[in-house]
Amino acid sequence: MTDTPLQKPGLANWLRVIALSVIWGGSFMGVKLALAGFGPLSIAAIRIALAAIALFLIARSMGLALPRSRRVWAHAIGMGFFSNALPFALLSWGQLHVASGFAGITMAAVPLFTLLLAHRLIPGEQMTVWKLLGLGFGIAGVVVLIGPRALASSGADVENLARLACVASTLCYAIGAIITRRCPPVPLVAFSTAALIAASVMMLPLAWAIEGTPDLAAATPSALLALLYLGLGPTALATLLLVKVITTAGPTFLTLSNYQVPLWSVLFGTIFLHEKLPPSFFAALGLILAGLALSNIRRKA
């Protein structure tokens, strides 16, 4: 993949980024429903395993074998660890001890970490004024949307450590994107399958050791359907989309989805869970759209 030069994003990659934002935005609602029947680590482990099975079946139907190169497997294991296993575990634990909304604000740090790492490690991804301006508007939009309540104390004894875990998860996502971009050329589905298999091997024993065997029979139908959605949508399909965007338009362009995810999350909560639309929504929308527009300008420059 490092042999593939970065392209101008183009309409296809913009559509992929928007699709990722919608899919990931719906994952918050899915996790909320799945928590009615499963522990947070079990949700992370099962959704990764479901995604791995789905992509393995797709790969076989396409006549694709898993990678044989040790170097490719090293990158796949790195992506599985940093893009799935470790951040899922950190966020699952962290969100038990931090105030609501804090994790949403920390997700806006993903573009910052990615920009800093890509500047050093990815050719053609150097830092520019336009990138910084787009980043600033995007982060401002997320902060306005979620509001100061995200910074309120939850009262938990380990709150500071939990906040650090949430921030660390955003660094994990940035590292995972860089590892994916630096992988040698390999078929998209084969690499994505290998990464999810690696993440499954990491997460399933951890979830079983901490939370025990999940009781599928006792779970509600809505929890089971939510878990199925999390595995097939925000994990399986999203992995294919993000790998495609990273390998063609670069990891920095992928992070434009991070600003949009909270917007979709709020909209889905309003429409399907009857939550109140925050009055700051449209102001946040304007800032985020401005950030996306600035990013598009600097890509054409």
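The values are calculated or read from the model by the stated rules, or taken from the named source; none is laboratory data. Here the structure is a predicted model, which means the values were calculated and not measured. Methodologically, a virtual Cβ is constructed for each residue, glycine included, from the backbone with ideal geometry; neighbour enumeration extends over all protein chains shown.
Per-structure values
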| quantity | calculated |
| --- | --- |
| Selection count, segment 263-277, where residues are out of contact with any Phe, Trp or Tyr (no Cβ under 9 Å at 6 or more places or on another chain) and either assigned to a helix (DSSP H, G or I) or in contact (Cβ under 8 Å) with a residue 12 or more places away in the chain (or both) | 3 |
| Subset of segment 256-285 (residues that are of a type in the set (Ser, Thr, Tyr) and under 17 Å from Ser27 (Cβ atoms)) | Ser257, Tyr259, Ser265, Thr270 |
| Those residues of segment 263-289 which are among the hydroxyl-bearing types (Ser, Thr, Tyr) and over 17 Å from Ile18 (Cβ atoms), in sequence order | Thr270, Ser280 |
| Top-ranked residue of segment 20-44 - restricted to ones that are part of a helix (DSSP H, G or I) and either over 17 Å from the mean Cα position of the chain (by Cα) or modelled with pLDDT of 95 or more (or both), ranked as farthest from Phe272 (Cα to Cα) | Ser42 |
| Filter pass, Leu196 being touching a Lys or Arg at 6+ places or on another chain (Cβ under 7 Å), among the hydrophobic types (A, V, I, L, M, F, W, C), surrounded by 15 or more Cβ atoms within 10 Å (Cβ to Cβ) and closer than 30 Å to Leu15 by Cα | no |
| Given (1) surrounded by fewer than 18 Cβ atoms within 10 Å (Cβ to Cβ); (2) within 21 Å of the chain's Cα centre (by Cα), number of the condition Ala190 does not satisfy | (1) |
| Segments classed as helices (runs of 4 or more DSSP H), wholly inside segment 202-258, with at least 2 members that are farther than 24 Å from Gly176 by Cβ and over 22 Å from the mean Cα position of the chain (by Cα) | 221-230 |
| Selection from segment 66-91 of residues that are buried (at least 22 other Cβ atoms within 10 Å of the Cβ), among the small types (Gly, Ala, Ser) and either over 20 Å from the mean Cα position of the chain (by Cα) or at pLDDT below 90 (or both) | Ala89 |
| Filter result for Thr114 (in a helix (DSSP H, G or I), of a type in the set (Val, Ile, Thr), under 22 Å from the mean Cα position of the chain (by Cα) and at pLDDT below 80) | no |
| Unique residue being touching a Pro at 6+ places or on another chain (Cβ under 6 Å) and under 22 Å from Ala177 (Cα atoms) when the list is Ile18, Ile23, Ile48 | Ile23 |
| Which listed residue, of Ile175, Ile179, is touching a His at 6+ places or on another chain (Cβ under 7 Å) and within 15 Å of Phe81 (Cα to Cα) | Ile179 |
| Subset of segment 63-81 (residues that are of a type outside the set (D, E, K, R) and part of a loop (DSSP other than H, G, I, E, B)) | Gly63, Leu64, Ala65, Leu66, Pro67, Ser69 |
